[in-house]
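Data first, discussion second: the structure below is written as structure tokens.
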Amino acid sequence: WMIRTLARFNVTGERRDGRVGVWVVDAGGREDKIAAVGVRVRHWVSYHGIALNVDPELEHFRGIVPCGVTQHGVTSLARLGISASVGDVDVALRATFDAVFAAAPASAPGVAAG
């Protein structure tokens, strides 16, 4: 889903065996993480989320080792030269979600959409 979203911005995102998340190779050949997926189960409740770096302050990631992989860093659409807003990425995420999962996101029963 996130790989297809990146493709809408002409960015080739890839999976890597033994690593979590979405990885890209820049023009200089450097491979960095651009997106993450998180899942946790605690007390019979599942939590999940995604993160796709649009234009974060990458300096804040200096102390983070993405998924325990020390030889790679973190990148963003902005660092790759892509000018996109969070809203632009949201539109692409929604469109590709529908294409990948064949259904529009919906609220859980008894929960108002918003």
With the condition kept exactly as written, say whether any residue in region 54-61 is loosely packed, with under 10 Cβ neighbours inside 10 Å, modelled with pLDDT of 80 or more and part of a helix (DSSP H, G or I). yes
Next on the checklist: Criterion first (modelled with pLDDT under 90 and in a strand (DSSP E or B)) does V41 satisfy it?
Outcome noted: no
Expected output for region 71-94 (first residue touching a residue at least 60 places away in the same chain (Cβ under 8 Å) and over 19 Å from E57 (Cβ atoms), partner among the polar types (S, T, N, Q) and surrounded by 14 or more Cβ atoms within 10 Å (Cβ to Cβ), Cβ below 6 Å, 6+ apart or cross-chain) is A92/T5; L93/T5
Do we have V11 as surrounded by 14 or more Cβ atoms within 10 Å (Cβ to Cβ) and at pLDDT 90 or above here?
yes
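The values are calculated or read from the model by the stated rules, or taken from the named source; none is laboratory data. Predicted, not measured: the structure shown is a model, and the values here were computed from it. Don't worry about glycine lacking a Cβ; one is built from the backbone with ideal geometry, like all the others, and counts go over all protein chains shown.
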